[in-house]
Amino acid sequence: MRLRPSVLPVTSKSLALAGLFCGAFLAALPAISSARAEPVSATYEVYFGGFHVLNAEALWVRGSSDYRLLAEAETRGFVGWLNPWKGTTESNGRIAGGKVIPQRHVNWGSATDEGEERIVALSYDRAGDITESLVQPEQDWEDRHPLPADAGRGTLDPLSVIAGLSELLQKGGRCEGSFAVFDGRKRYDLTVSDAGERELEPTDYSIYAGPAHGCRLDYEMLGGHRMERNKYVETARERIVWVARPAENAPLIPVRLEIETAYGTLMGHLTGFAQGLQAEAKLAE
């Protein structure tokens, strides 16, 4: 996988649901793992209403005092034909006293049929405050809610949120936490709550079946979002990521995503997993 300077995937209106939850969360979720020094990689396929709409791959490296997350996603199937898009994202930072402190977040997305590129790059100081911000093209505010004053103060980028949740899981073992998030264009609060245990049945879509633990996602948009919301996002109800160990001695990672909407169900399935030398080889590609 060749990763360009990255960012959270940017999608068209028809892909807003997949972009918001699969790009910003699912592609980065392999960060929910034990504090191993060896890298972990995972691949996912995402379906909406039974149609294949997105592929995602993620890599996670957790050192003794730092972290690095990389992800790549691309639309597939009929949606990919109508709205061809691909994007990459990368975040790195350090961990001090159990606190996640971002250092750099870069996000790149492209509508491949139009050649339009969207880039966000955020740099942070030692305290985790944003010192530089690059947003191209500049945000068009005509149909969007304004950002609050000091939108980036005290926030994490979307991938560093996953590193923060990882730290919480290591301490308490439950999917519980609240995070202030700023991705360079939008400001929102993300809340994660525990959804209990479930036995995932075997399916041809996934490499995993068995017991899993649910993490429920809720969010509140505070600025930068469109005034007229996408119907799929607007009607989304339960948003649950199921985490489990896909192999013996493997770390805890997401194995399934479920988002219920009035227009169908978005499902993300784990299709591949590697750790150690195999994951390191992916980092070198």
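Just how much of PHE48 is accessible, in Å², when a 1.4 Å probe is used and the result is rounded to the nearest 10?
Taking all protein chains as shown, PHE48 has close to 40 Å².
Quote to one decimal, in nm, the extra length available between GLU201 and ALA247 on full extension: 0.36 nm per residue of separation minus the C-alpha distance between them.
On the way: separation 46, 0.36 × 46 = 16.56 nm, distance 1.60 nm.
My answer for the length gained is 15.0 nm.
Leaving ligands and nucleic acids out of the surface, order GLU238, GLU132, GLU228 by accessible area at 1.4 Å, largest first.
Order by accessible area, largest first: GLU228, GLU132, GLU238.
Between TYR263 and GLU38, what FRET efficiency follows from the Cβ-Cβ distance if R0 is 51 Å, with the result rounded to 0.05? Before the final figure, lay out each step's value.
On the way: r = 41 Å, r/R0 = 0.80.
So the FRET efficiency works out to roughly 0.80.
Note down the nm distance, to one decimal, between modelled labels 7 Å out along Cα→Cβ at ASP194 and at THR131.
For the pair ASP194/THR131, the computed spacing is 4.0 nm.
Show which aspartates and glutamates lie in cross-link reach of LYS99 when reach means a straight Cα distance below 12 angstrom and same-chain residues fewer than eight apart are skipped.
Candidates past the 8-residue exclusion: ASP66, GLU167.
Suppose the chain between ASP143 and SER65 were pulled fully straight at 0.36 nm per residue; how much longer would it get relative to their current alpha carbon spacing? Kindly include the intermediate steps, with their values, before the conclusion.
Values: separation 78, 0.36 × 78 = 28.08 nm, distance 4.16 nm.
That pair, ASP143 and SER65, stretches by 23.9 nm at full extension.
The values are calculated or read from the model by the stated rules, or taken from the named source; none is laboratory data. Note that the coordinates shown come from a computational prediction; the quantities given were computed from them, not determined experimentally. Ideal geometry is used to build each Cβ from the backbone, glycine not excepted, and the neighbour counts take in all protein chains shown. For accessibility, only protein heavy atoms count, side chains too; no ligands or nucleic acids. Shrake-Rupley method; radii C 1.70, N 1.55, O 1.52, S 1.80 Å.
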